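Enquirer: Starting off with a structure, shown below.
The values are calculated or read from the model by the stated rules, or taken from the named source; none is laboratory data. Here the structure is a predicted model, which means the values were calculated and not measured. Virtual Cβ from ideal backbone geometry, glycine too; neighbours counted across all protein chains shown. Heads up: the accessible areas ignore ligands, DNA and RNA and are worked out on the full protein's heavy atoms, side chains in. Shrake-Rupley method; radii C 1.70, N 1.55, O 1.52, S 1.80 Å.
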Amino acid sequence: MHAYNRIPSSGHSTPSPPQSPLRSPRYRHGSGGGGRSKPGRFTPSSYPPGRNLAHRLAWFLLSVLLRRQGIFLFAPLIYISGMLLYMGTVSFDVGPIIDHKPAPGSVYRSPRIYEKLRPEMDADNSSADALSTVWKNSYKSGEWRPCINKSSEGLPESNGYIYVEANGGLNQQRTSICNAVAVAGYLNATLLIPNFHYHSIWRDPSKFKDIYDEDYFISTLENIVRVVDKIPGYLMERYDNNMTNVHNFRVKAWAPVRYYRDVVLPRLLEERVIRISPFANRLSFDVPPAVQRLRCLANYEALRFSNPILTMGETLVARMKERSASHGGKYVSVHLRFEEDMVAFSCCVFDGGGQEAKDMKAARERGWKGKFTKPGRTIRPGAIRLNGKCPLTPLEVGLMLRGMGFDKNTYIFLASGKIYNSEKYMAPLLEMFPNLLTKDMLALEDELDPFKNYSSRMAAIDYTVCLHSEVFVTTQGGNFPHFLMGHRRFLYGGHSKTIRPDKRKLAMLFDNLKIDWKSFKRHMLNMRSHSDSKGFEIKRPNDSIYSFPCPDCMCHVNRTEDSRSSSAT
């Protein structure tokens, strides 16, 4: 749209240039003299016909100024003024109408893709049993095996006691516990069993012993790190038997190990008891091998779920294997993050219309007051989807797995909380995989009652069933899949046996209404193959040992050594 150019008046007239000498009458215009205007001369009678008042005024000004000697000074101004006058006569409401089409992949069109592909998908009988062929890659020169060395030597006198508060959900608390073991061992301190901080989102009041086997934890770390369930009374008397009176360190996230040596240790030696709260992610991933080894020991060996959780989890694993006997006891586990809080937090838009928008706005305000409504914050759902940050819907998970060659007879264990609008969103997934089960469907009527009001205990049961599946599928980031991938690598020779979809690519494919089943399936098989090739990954300097246990927590065994040891036995 064009803009007006307003030039303010100075309030006084500008002096005119000196008058030009009189010209011969034959060159003068007007009614007298009987002379004609010379061709090219601007005169009032030479106005172009059919012009309005603005055009006549412009022509008049030109005719006057061109008779003056200042023409060369005023020419640029005359030209610009004339153009502006001309532009001002054009209506500003007239212009091209631009239709802004959304970028490919920025809109949720998966239901239409499902409707289009379903006939070909149901008629496809060409797939081999994906469960028996999904993992083809093996480590080129051998495999990885657990090798966490345990010290049998005694410990020197303790430098004091460390108390930490583990915040977050199940696996964020697990991070805190492992880091606490590492810090306590590094400082030669005694670790008090970590306290779990109650969070308004998870709303789980569980204590350490409710989720983990406390006695097993203490005995596994014996002679490596001292762990106790209470601090001696004579020390607590200094603080009126109140832990809140103990000095609390507010440690920055990802603090280097030297911070604990230079800042925390002197205070520990002086006070004999210190507190660190909160403690999640308060230790850098890049630490010396001896400290890393303590993390490995805590995560992969010392932390074992409490007996009620472990028994329930193993029972459900046995039932899944029994049901999938036709597939050799193999099943697929899927971690589906499509609960209301996850959908709300993602700020993605699906196909629920006005009701969905209302639900998500309320959920965001309920869980994260004001975070998403701060002045200046702009939410772009299309950009979020294009960037692969939207949680996959149950329908999208089903389409992806069918494209990867898993047929409708495959047994699937679904690890999830309460799915948002489950009646609508779960229907297509159950159509594609009728043998889909959850812990609520596997358990008998009252078996889950002791766990139902505790989100971390329920998550621990899901974790156990997913850990022992032939294939684990992650659909959204977070601590749960990252810990599972690392734990599966630790159990399965270094291979995570995990499908990690390329969600940027999926966003484009699920928005391509011209795609056919053959082409879609080719893309999915390539994605499955890529996950297989990425099953073996070595930890890089800033990676987490909770996702990449090789080589800090596992040792490489080449094929020749392995064959020699086998023949010797």
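Enquirer: Going through the range 339-367 one residue at a time, which ones are among the aromatic types (Phe, Trp, Tyr) and in contact with an Asp or Glu (Cβ under 9 Å, 6 or more places away or on another chain)?
Expert: Of everything in the range 339-367, just one residue is among the aromatic types (Phe, Trp, Tyr) and in contact with an Asp or Glu (Cβ under 9 Å, 6 or more places away or on another chain), namely 350.
Enquirer: Which of the residues spanning the range 227-282 are free of Cβ contacts under 8 Å to residues at least 12 places away in the same chain and of a type in the set (Asp, Glu)?
Expert: Within the range 227-282, 237, 240, 262, 270 qualify.
Enquirer: Scan the range 519-548 and report the pairs whose first residue is free of Cβ contacts under 8 Å to residues at least 40 places away in the same chain and whose second residue is assigned to a helix (DSSP H, G or I) and surrounded by fewer than 19 Cβ atoms within 10 Å (Cβ to Cβ), with Cβ atoms within less than 6 Å and a gap of 6+ or a chain change.
Expert: Listed by first residue and then by second, the contacts come to nothing, as the list is empty.
Enquirer: Does the range 445-453 contain any residue that is in contact with a strand residue (DSSP E or B) (Cβ under 6 Å, 6 or more places away or on another chain) and not hydrophobic (A, V, I, L, M, F, W, C)?
Expert: Within the range 445-453, not a single residue is in contact with a strand residue (DSSP E or B) (Cβ under 6 Å, 6 or more places away or on another chain) and not hydrophobic (A, V, I, L, M, F, W, C).
Enquirer: Looking for whichever is of a type in the set (S, T, N, Q) and under 29 Å from the mean Cα position of the chain (by Cα) here; the options are 307, 299. Which one fits?
Expert: So the residue among 307, 299 that is of a type in the set (S, T, N, Q) and under 29 Å from the mean Cα position of the chain (by Cα) is 299.
Enquirer: Here's something else I'd like to know. Looking at the range 320-342, which of its residues are farther than 20 Å from residue 483 by Cα and surrounded by 18 or more Cβ atoms within 10 Å (Cβ to Cβ)?
Expert: Once the filter is applied, which keeps residues that are farther than 20 Å from residue 483 by Cα and surrounded by 18 or more Cβ atoms within 10 Å (Cβ to Cβ), the range 320-342 yields 320, 321, 324, 327, 330, 340, 341.
Enquirer: On to the next question. Going by the structure shown, is residue 447 assigned to a helix (DSSP H, G or I), open to solvent by 20 Å² or more (accessible area, probe 1.4 Å) and farther than 21 Å from residue 485 by Cα?
Expert: For residue 447, the condition - assigned to a helix (DSSP H, G or I), open to solvent by 20 Å² or more (accessible area, probe 1.4 Å) and farther than 21 Å from residue 485 by Cα - is not met.
Enquirer: Another question, then. Name, by its number, the condition in (1) in contact with a helix residue (DSSP H, G or I) (Cβ under 6 Å, 6 or more places away or on another chain); (2) open to solvent by less than 20 Å² (accessible area, probe 1.4 Å); (3) of a type in the set (S, T, N, Q) that does not hold for residue 245.
Expert: The failed condition is (2).
Enquirer: Go through the range 220-242 and give me each residue that's of a type in the set (Asp, Glu) and surrounded by 11 or more Cβ atoms within 10 Å (Cβ to Cβ).
Expert: Hits for the range 220-242 are 222, 229.
Enquirer: Right, next: Within the range 387-399, is even one residue closer than 15 Å to residue 510 by Cα, touching a strand residue (DSSP E or B) at 6+ places or on another chain (Cβ under 9 Å) and of a type in the set (Val, Ile, Thr)?
Expert: Among the residues of the range 387-399, at least one is closer than 15 Å to residue 510 by Cα, touching a strand residue (DSSP E or B) at 6+ places or on another chain (Cβ under 9 Å) and of a type in the set (Val, Ile, Thr), which makes the answer yes.
Listed here are the residues, each with its yes/no results for (1) out of contact with any Pro (no Cβ under 6 Å at 6 or more places or on another chain); (2) in a helix (DSSP H, G or I); (3) open to solvent by less than 20 Å² (accessible area, probe 1.4 Å).
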site	(1), (2), (3)
275	yes, no, no
280	yes, no, yes
294	yes, yes, yes
297	yes, yes, yes
308	yes, yes, no
311	yes, yes, no
314	yes, yes, no
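Enquirer: Tell me which of these residue 473 doesn't satisfy, since it passes every other one: (1) within 23 Å of residue 119 (Cβ to Cβ); (2) open to solvent by less than 20 Å² (accessible area, probe 1.4 Å); (3) not charged (D, E, K, R).
Expert: The one condition residue 473 does not meet is (1).
Enquirer: Moving to a separate point now. Being modelled with pLDDT under 95, farther than 17 Å from residue 188 by Cβ and not aliphatic (A, V, I, L, M): is that true of residue 285 here?
Expert: yes
Enquirer: Hey, another quick one. State yes or no: is residue 263 crowded, with 20+ Cβ neighbours inside 10 Å, modelled with pLDDT of 95 or more and of a type in the set (Val, Ile, Thr)?
Expert: For residue 263, the condition - crowded, with 20+ Cβ neighbours inside 10 Å, modelled with pLDDT of 95 or more and of a type in the set (Val, Ile, Thr) - is not met.
Enquirer: Quickly run through the range 478-508 and pick out the residues that are within 19 Å of residue 336 (Cβ to Cβ), among the charged types (D, E, K, R) and crowded, with 18+ Cβ neighbours inside 10 Å.
Expert: Within the range 478-508, 488, 497, 500, 503 qualify.
Enquirer: On to the next question. Select the helices (runs of 4 or more DSSP H) contained entirely in the range 343-429, then report the ones holding at least 3 residues which are open to solvent by 30 Å² or more (accessible area, probe 1.4 Å) and among the basic types (Lys, Arg).
Expert: Qualifying helices (runs of 4 or more DSSP H): 353-367.
Enquirer: Pick from 565, 519, 533, 529: which is over 26 Å from residue 483 (Cα atoms) and either at pLDDT below 95 or open to solvent by 30 Å² or more (accessible area, probe 1.4 Å) (or both)?
Expert: Unique residue meeting the criteria: 565.
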